[in-house]
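Contents: one structure, followed by commentary.
The values are calculated or read from the model by the stated rules, or taken from the named source; none is laboratory data. Keep in mind the model is a prediction, meaning the values are calculated, not measured. No Cβ is skipped: glycine too gets one built from the backbone with ideal geometry, and neighbour counts run over all protein chains shown.
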Amino acid sequence: MASTKSILIVDDEPRMRRFVRMNLELEGFTVSEASDGLEAVRKVREESPNLVVLDVEMPHLDGFETLAEIRRTSPAPVIMLTVRGEEEERIKGLDLGADDYVTKPFSARELVSRINAVLRRVELSSPAERSSLVEVDDRLQVDFDNRLVLVEGQPVKLRPTEYRLLHYFIQNPGRMLSHEQLLSRVWGPEYVDDNQLLRLYVAYLRQKIEPDPSKPRYIFNERGAGYRFVDFRRA
């Protein structure tokens with residue numbers, strides 16, 4: 001990853017900040033630090049980092065509250081650090097706009113790998129997708145030139161990851177896509193075993209595009225294997 005990438009580390013524990021900083025600087029990143037949420041929000045505004053590594057357990061303003069404040073002004077990707085790995089914690093962070101989770105204790109190699117994967121996804125999402133307007137049916141249309149998703153004629157706001165997932169589905173209508181294939185292509189090879197993450201994002205996407213998420217019209221489960229997007233070419 002290029003040395004021009006800047007990372008903001010937010011953690012109230014000086015030892016953790018030193019550990020993360022040392023390992024990220026060894027990888028060529030430019031690193032700054034914040035010891036609490038208020039300082040983090042200020043530094044995000046002032047420095048516009050390429051990515052934020054944000055601890056959940058902090059006094060005064062915790063990681064979730066800090067993330068909500070960051071999201072008011074910045075689209076910078078955020079990886080959250082937590083000592084808890086429960087699904088509810090991950091869902092809460094993802095709903096607030098986190099891009100990934102790393103559970104303590106973690107290795108420097110794991111964190112660097114996750115940071116690189118998130119930055120790659122951001123870079124792939126930045127250019128406009130050059131493709132014609134895709135009409136899945138009379139209810140769902142996607143304009144990839146303008147990154148616009150329309151449901152019943154109304155624009156629907158998707159997270160960048162939701163957009164990439166929908167784009168990959170639409171590129172492969174009618175094909176059974178394995179969990180590993182989807183995770184590798186949408187998130188990166190570091191995520192091929194994270195089926196929970198895939199389930200969460202399929203559920204998010206269904207909530208936004210399906211008329212009834214409990215009875216999918218577009219995204220179908222292939223039990224124990226993966227997912228399949230409706231073959232709209234045969235409609």
Residues being surrounded by fewer than 12 Cβ atoms within 10 Å (Cβ to Cβ) and at pLDDT 85 or above - total across region 74-109: 3
Can you name the number of the only condition in (1) farther than 18 Å from L24 by Cα; (2) at pLDDT 90 or above; (3) surrounded by 14 or more Cβ atoms within 10 Å (Cβ to Cβ) that V112 fails? (1)
Looking at (1) modelled with pLDDT of 95 or more; (2) in contact with a Gly (Cβ under 8 Å, 6 or more places away or on another chain); (3) surrounded by fewer than 16 Cβ atoms within 10 Å (Cβ to Cβ), find the lone condition where P211 falls short. (2)
Answer yes if at least one residue in region 14-21 is over 16 Å from the mean Cα position of the chain (by Cα), surrounded by 13 or more Cβ atoms within 10 Å (Cβ to Cβ) and without any contact (Cβ under 8 Å) to a residue 12 or more places away in the chain, and no otherwise. yes
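Every residue in region 33-71 that is outside any loop (DSSP other than H, G, I, E, B) and farther than 16 Å from G93 by Cβ, please. It would help to see each step written out before you state the result.
Looking only at region 33-71, we keep the residues that are outside any loop (DSSP other than H, G, I, E, B), and these are 33-34, 37-47, 51-55, 63-71.
Within region 33-71, E33, A34, L38, E39, V41, R42, K43, V44, R45, E46, E47 meet the criteria.
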Might you check whether a residue that is assigned to a strand (DSSP E or B), exposed (fewer than 12 other Cβ atoms within 10 Å of the Cβ), out of contact with any strand residue (DSSP E or B) (no Cβ under 9 Å at 6 or more places or on another chain) and not assigned by TED's automatic domain parsing to the domain that holds E110 occurs anywhere in region 136-154? yes
